Amino acid sequence: MATPILVGENVKGVVLFLTPINDIYNKIVVIQKKLFAISILILVLVTLIGYLISTYATRPIYSVIDAIENMAEGNLKQRVEVIGNDEIARLCNAFNEMNEKINKIDRERRQFVADASHELKSPLASINVLVESLISSELENKEMAMEFLKDINSEINRLTNIVNNLLELTKLEGSFGMKVEKFDLNDVCLQVVRRVGYIAKTKNIEIFYDGQSVEIEGNRDNIFRALYNVVENAVKYSYEFSRVDFWVERDYRGAIVHIKDHGVGIPEEDLPKIFERFYRVDKTRDRKTGGSGLGLSIVNEIIKKHNGSIEVKSRVGEGTEFIIIIPYEYKG
């Protein structure tokens, strides 16, 4: 590099700065090496930090995978730890909720199998005792033999009723298609009154029906089955020489069916359980009346299929009222 020496306006000389090129080249090489070393160090640090972050981020995913594999092996009671509030946390929450539902379904399945086995075992045991009695003893009294045979026939009917109700529940809870049509609910109610009327007469019970024409959409046979079950129960558990009130109203929610008996009633603590399978408020009474403990479960499933609702009001010793709301339109 050169710099002129000025005296006034005249150039008197020049100052030259000289640096060996080798020194500059060596400095550039040193700087390049340092930059390369720093780049390598930064790359290693970034890789290490990325690995740590990815390990931390994917740990819950591996926990979910391990839990799923354990469930596949039959161990259904699995939960994963939820960390943070991001998408992976949402995945973990969704898995935990799914697992709770699966465990609930599994518990209900086990309970159902146990209850069904018990219910089926009872009439079979009775039939076995009666048949053994007939085989082991020489019954010269034909009336006694006929009594035994009538009891056997009664137990067979009860067994058939339980099996049919179980099949009905399975169909309702499954994905089987329903025939949906528009029909007058009043016609169905009148049909129920005629059918249950024969049972009511044997107990000197009157069914008072006050209906009106209400067109709804749904499965006619299922709605008949639901209303029949409730009205039949009302007759079964009413006092002799009493009455069952049965009437239909309508409002913005749909058709509202009221079925009220004047009978034994249901204790308040039992009301939340009456729609459970095989649940009986009075097991002794229910067996005498031929009940399987599935009637109201079937009613509940049918009304739910029609997007309706059931409300129950009861007082012990005074009677029970069922209020069933069925929407005008079926939304499957």
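The values are calculated or read from the model by the stated rules, or taken from the named source; none is laboratory data. What you see is a predicted model; the values in this text were computed from it and never measured. Virtual Cβ from ideal backbone geometry, glycine too; neighbours counted across all protein chains shown.
Residues are listed down the side, and each one gets a yes or a no for (1) in contact (Cβ under 8 Å) with a residue 24 or more places away in the chain; (2) under 22 Å from SER297 (Cβ atoms); (3) loosely packed, with under 14 Cβ neighbours inside 10 Å:
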| residue | (1), (2), (3) |
| --- | --- |
| MET146 | no, no, yes |
| ARG158 | yes, yes, no |
| ASN186 | yes, no, no |
| VAL192 | yes, yes, no |
| VAL196 | yes, yes, no |
**Request:** For the range 209-269, please list each of the strands (runs of 3 or more DSSP E) lying entirely inside it that holds at least 3 residues being more than 13 Å from PHE322 (Cβ to Cβ) and of a type outside the set (S, T, N, Q).
**Result:** 215-218, 243-251
**Message:** Among the residues of the range 212-220, are any farther than 15 Å from HIS306 by Cβ and more than 30 Å from the chain's Cα centre (by Cα)?
**Reply:** yes
**Condition met for ILE216 (touching an Asp or Glu at 6+ places or on another chain (Cβ under 7 Å), crowded, with 16+ Cβ neighbours inside 10 Å, at pLDDT 90 or above and more than 28 Å from PHE278 (Cβ to Cβ))** = no
**Complete:** Quick count over the range 64-90, residues being under 17 Å from ILE102 (Cβ atoms), in contact with a helix residue (DSSP H, G or I) (Cβ under 9 Å, 6 or more places away or on another chain) and in a helix (DSSP H, G or I), is 4
**Request:** Evaluate the range 227-235: report whether one residue or more is more than 30 Å from ARG109 (Cα to Cα) and not hydroxyl-bearing (Ser, Thr, Tyr).
**Result:** yes
**Request:** Just one of (1) farther than 14 Å from THR320 by Cβ; (2) buried (at least 18 other Cβ atoms within 10 Å of the Cβ); (3) at pLDDT 80 or above trips up GLU276, so point out which.
**Result:** (2)
**Message:** Can you pull out every residue in the range 44-62 that is loosely packed, with under 12 Cβ neighbours inside 10 Å and of a type in the set (S, T, N, Q)?
**Reply:** THR47, SER54, THR55
**Complete:** When every residue in the range 63-121 that is closer than 30 Å to LEU166 by Cα and polar (S, T, N, Q) is compared, the one surrounded by the most Cβ atoms within 10 Å (Cβ to Cβ) is ASN99
